[in-house]
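Contents: one structure, followed by commentary.
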Ligand SMILES: NC(=O)c1ccc[n+]([C@@H]2O[C@H](COP(=O)([O-])OP(=O)(O)OC[C@H]3O[C@@H](n4cnc5c(N)ncnc54)[C@H](OP(=O)(O)O)[C@@H]3O)[C@@H](O)[C@H]2O)c1
């Protein structure tokens, strides 16, 4: 999430120019050879280039191709983590669209504001349930509640949204922190999915899992979060293959940076996390890394508070598409262009190139 320095930005732009020049000269030569091999006239190379370019532009720039919409009426969706952020906004959005929403709230029993606001809808189609995704008991109780409140058509979907985030270099991060993050983001997603899958399988419904761009690429300081989101990606892929035979569609949503919109990272969270990291770090790690290095890293994390997109609409639109489209995508990437490009570079180019560009 580091803001690009001028040098790195220059390198990226130079790399793009180099790639364009290489493709500009290399692609015609390659296509000429392919034409010769296929016994076609080399004059069709220009047409080929135009077609390839058009396909690329279509892929990158065209709005989503309509793939048919399903009727919303009578469909119920279970969303986890509805106290705040994406989950809270999604509960309201889906309710407005006509879904019956089962909104899992972490702080319902403690009188949390987010849960209260949803309860104040006083609507038969907005049902708020207490839910800690780390608790087998609470998950089972929530599923029983859903089962007993479902209309005939069953549970159409689950949106595994509940999540927590943190930061810290590997040597500063305790095993407890890795475990706590996994408990919510990864085991929580798996626990909830397993519990509701029989209901969704019978409805030939949908599973939508909130991963992150950090489920596709790593970053310094983000290992405790990244490992959980990579896990969510792996779980979703495996489940998708298994569920194909049952007619259940599994999608992953990989948001970029929406910190400003949801407040998943605030200055208070950064300050508290930094204090914990430093106080728990082994003495030799503190000595070797030094306080100055540590403070510099923390300042970087602080600079991300209030960064990114302020409007959650792209995320809500993508989740809605995953729930209502006849042919939902496997992966959705609501993110700013520079993050989208970064994910493409890091997932498609050799590590030597992407490491050189970004680290
Ligand atoms: N915002 C971003 O930039 C961004 C980017 C990529 C991916 N994501 C992912 O999007 C999802 C939603 O994040 P957000 O940005 O909307 O953050 P958020 O506002 O903090 O929302 C996360 C929600 O999960 C709840 N939660 C935490 N622990 C829970 C538990 N054990 N059981 C049930 N609920 C629990 C939180 O409740 P409390 O508020 O009561 O703790 C909160 O309501 C997360 O999975 C996150 O990793 C976010």
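Quick notes on this one:
- Unique match (being at pLDDT 95 or above and more than 19 Å from the chain's Cα centre (by Cα)) among 76, 89, 61: 76
- Conditions (1) under 30 Å from residue 328 (Cβ atoms); (2) away from the ligand (no atom under 13 Å from the Cβ): number failed by residue 294: (1)
- Meets criteria (in a loop (DSSP other than H, G, I, E, B), within 13 Å of the ligand (Cβ to nearest atom), touching a strand residue (DSSP E or B) at 6+ places or on another chain (Cβ under 8 Å) and in contact (Cβ under 8 Å) with a residue 40 or more places away in the chain) for residue 328: no
- Qualifying positions in the range 150-159 - at pLDDT below 95 and either surrounded by fewer than 16 Cβ atoms within 10 Å (Cβ to Cβ) or in a strand (DSSP E or B) (or both): 151, 152, 153
- Sole residue being closer than 27 Å to residue 234 by Cβ, under 15 Å from the mean Cα position of the chain (by Cα) and crowded, with 16+ Cβ neighbours inside 10 Å, chosen from 273, 324, 330, 320: 320
- The combined condition, being in contact with a helix residue (DSSP H, G or I) (Cβ under 8 Å, 6 or more places away or on another chain), at pLDDT 95 or above and assigned by TED's automatic domain parsing to the domain that holds residue 85, is fulfilled by residue 121.
- The range 27-46, residues that are modelled with pLDDT of 75 or more and surrounded by fewer than 11 Cβ atoms within 10 Å (Cβ to Cβ): 29, 37, 38, 39, 41
- Candidates in the range 342-353 are the residues that are surrounded by 13 or more Cβ atoms within 10 Å (Cβ to Cβ) and in contact (Cβ under 8 Å) with a residue 24 or more places away in the chain; of these, the one that is nearest to residue 208 (Cα to Cα) is 343.
- Remark: pairs (first residue in the range 83-109, in the same structural domain as residue 136 (by TED's automatic domain parsing) and at positive phi; second residue more than 10 Å from the ligand (Cβ to nearest atom) and in a loop (DSSP other than H, G, I, E, B); Cβ separation under 7 Å; 6+ apart in sequence or on different chains) = 98/72; 98/73.
- Restricting attention to the range 305-314, the residues being buried (at least 16 other Cβ atoms within 10 Å of the Cβ) and either under 20 Å from residue 82 (Cβ atoms) or within 9 Å of the ligand (Cβ to nearest atom) (or both) number 4.
The values are calculated or read from the model by the stated rules, or taken from the named source; none is laboratory data. Everything numeric here is computed off the predicted structure, so don't read it as measured data. Note that each Cβ is placed from the backbone with ideal geometry, even for glycine, and that neighbours are counted across all protein chains shown.
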